[in-house]
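Heads up: the structure comes next, in structure tokens.
We did not get these values from a lab; they are worked out from the coordinates using the rules stated. Nothing here was measured: the structure is a model prediction, and the numbers come from that model. Because the Cβ atoms are built from the backbone with ideal geometry, glycine has one as well, and the counts that use them run over all protein chains shown.
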Ligand code: ARG
């Protein structure tokens, strides 16, 4: 009688695994999430074993059908996961053998858990990435729609969180659209690299049995095979890439969140989130807090942490598979869960945010913001920019001393500091003209923002047509 009942390697061992190692090894409490993918991978493997004659067609069919029954059991939530069987792979293999008898013991022919788990995580991430892609695109669409509705409303643009120059609200929202568009591209890039099928790599060196991995790849919808079996079982850079994408995306979202928090503060009062997307205080009856935005900002920390976890796990590992790699799953799952939670929340907040356009315009009408436009006016009259900057600066000092806005100065007053200024400058310094003037590519002029909006709409429509991730 083997000393390690239940363990597939029992034949080699005379002593029982210490409880300490059992506890440390067990992963079933988290890797059971891979069950649907493990089953799909095993079914493809079993079909291939039948096709190449390593098992009979009848045995292959019994394995595939048995796995289908296990899938139903998993889906119903009634599968009796057993931590004694360590992980999802051994749990399912044992259940298959219990169900269909000794034929189940043929499933692991020409396969190791090393290439099996590499396949499972790729299948899992392929599906997760597709869902995240959809949510991310919805958020980008929400930003575009909001930008369209707010397009020409003026607001202050900031640098150093100091009012800098007036912009239109659509411009601000489309800046986030651009950031998130790059995130979406990163997701599409990594999805292409995910598309490589590792089964057949065995434990590390391939197998001497006559398998047909091409058939498994086609069955599972992969377009190519892993080209090096050591790499296939040892590498996790596809997961690192996903976590990097997630970390960058979350950091971008944390900035959007911070803007929402600021806009909803009494100090800014540029916008309000609806009651159903805000929370109250247990003590202060007057409070309405933007917790959704704050949590979105805070959860960036988790995903950045997940990236750091896996980078640190993989760093310095010798070729090829090492058990350390089992630690890849929890950060991966946590990042996926977090993104799928946060992205729809972000879209809801953007869609349902109510701008206070009056308040934004009032803040955009900074009495000294037109100083740049005064200098630009002088440049158009031939004054060198440095000199124009000086003259405009002196004009601001004067206007401040008179408690007047720049637009309220008379031409005679302006000409004291800016002798070349013409009468049209008084109009050029007003808010609509300030905005309209910045009609360069990517600028804040309503016309330019209209072009950005149209381009964004075209890009989203093209992505939808292509069915892109
Ligand atoms: N649960 C393991 C993991 O996630 C499966 C592979 C185990 N391989 C081994 N040689 N012990 O990495």
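Between helix 446-466 and the chain, what is the angle of the helix's C-alpha long axis to the longest principal axis, kept within 0 to 90° and rounded to the nearest 10?
With rounding to tens, the tilt is 10 degrees.
Using the Kirkwood radius over C-alpha pairs as Rh, can you work out the diffusion coefficient of the range 1-127 via Stokes-Einstein at 25 °C, viscosity 0.890 mPa s, in µm² per second?
Translational diffusion coefficient: 162 µm²/s.
Which shape class applies to the range 187-247: rounded if a/c is under 1.5, otherwise prolate when a/b exceeds b/c and oblate if not, where a ≥ b ≥ c are the square roots of the Cα gyration tensor eigenvalues?
It is oblate, given that a/c is not under 1.5 and a/b is not larger than b/c.
Applying 1/(1 + (r/R0)^6) with R0 = 60 Å to the Cβ-Cβ distance of residue 163 and residue 209, what FRET efficiency is obtained, to the nearest 0.05?
Step by step, r from the Cβ atoms, then E = 0.25.
Calculate the spin-label point distance for residue 308 paired with residue 455, positioning each point 7 Å from the Cα along the beta-carbon direction, and give it in nanometres.
Label at residue 455, label at residue 308, 3.6 nm between them.
If contacts are Cα pairs under 8 angstrom and at least 6 residues apart, what is the relative contact order of the range 316-469 in percent?
With pairs under 8 Å counted, the relative contact order is 15 percent.
Over the chain, what is the relative contact order in percent, taking alpha-carbon pairs closer than 8 angstrom and at least six residues apart?
Once normalised by length, the contact order is 16 percent.
Provide, as a two-decimal number, the C-alpha radius of gyration of the range 235-286 over 2.2 N^0.38 Å, N being how many residues it has.
Normalised by 2.2 N^0.38 Å, the Cα Rg of the range 235-286 equals 1.72.
Using 0.36 nm per residue, how much length does the chain from residue 58 to residue 223 gain when fully extended, once their Cα-Cα distance is taken away?
Separation in residues times 0.36 nm, less the Cα-Cα distance, equals 56.6 nm.
Between helix 57-75 and the chain, what is the angle of the helix's C-alpha long axis to the longest principal axis, kept within 0 to 90° and rounded to the nearest 10?
50 degrees
How big is the gap, in Å, between the Cα center of the range 158-172 and the Cα center of the range 250-267?
14 Å
Stokes-Einstein D for the range 56-160 at 25 °C, 0.890 mPa s, Kirkwood Rh over Cα pairs, in µm²/s?
So the translational diffusion coefficient is about 137 µm²/s.
Residues of the range 361-378 with the amide nitrogen closer than 18 Å to a label point 7 Å from the Cα of residue 413, along Cα-to-Cβ, please.
365-375
Just to be sure I understand the curve: with the Debye formula and one point per C-alpha of the range 366-459, what is log10 I(q)/I(0) at q = 0.10, 0.25 Å⁻¹?
Log-scaled intensity ratios, in q order: -0.30, -1.24.
With just the Cα atoms defining each centre, how far is the range 365-414 from the range 97-111? Give it in Å.
First find each Cα centre; the distance between them is then 83 Å.
Between the range 1-75 and the range 307-358, what is the separation of their alpha carbon centroids in Å?
Cα centres, the range 1-75 to the range 307-358: 29 Å.
Output needed for the range 322-381: three equivalent-ellipsoid semi-axes, defined as square roots of 5 times the C-alpha gyration tensor eigenvalues, in descending order, whole Å.
The equivalent ellipsoid of the range 322-381 has semi-axes of 50, 21, 8 Å.
If I fit a long axis through the Cα atoms of helix 371-380 and take the longest principal axis of the Cα atoms of the chain, what angle between them do I get, 0 to 90°, rounded to 10?
Here the helix axis deviates by roughly 70 degrees.
For the range 364-416, rounded, prolate or oblate, judged on the Cα gyration tensor with a ≥ b ≥ c (square roots of eigenvalues), a/c < 1.5 rounded, else prolate if a/b > b/c?
Verdict is prolate for the range 364-416.
Nearest 0.05, what FRET efficiency do residue 403 and residue 189 give at R0 = 51 Å with Cβ-Cβ as r?
The pair residue 403/residue 189 has a calculated efficiency of 0.35.
Subtracting the Cα-Cα distance from 0.36 nm times the residue separation, let me have the gained length for residue 396 to residue 237 in nm, one decimal.
51.7 nm
Semi-axes, largest first, in whole Å: what does sqrt of 5 times each Cα gyration tensor eigenvalue give for the chain?
After scaling each eigenvalue by five and taking roots: 62, 22, 19 Å.
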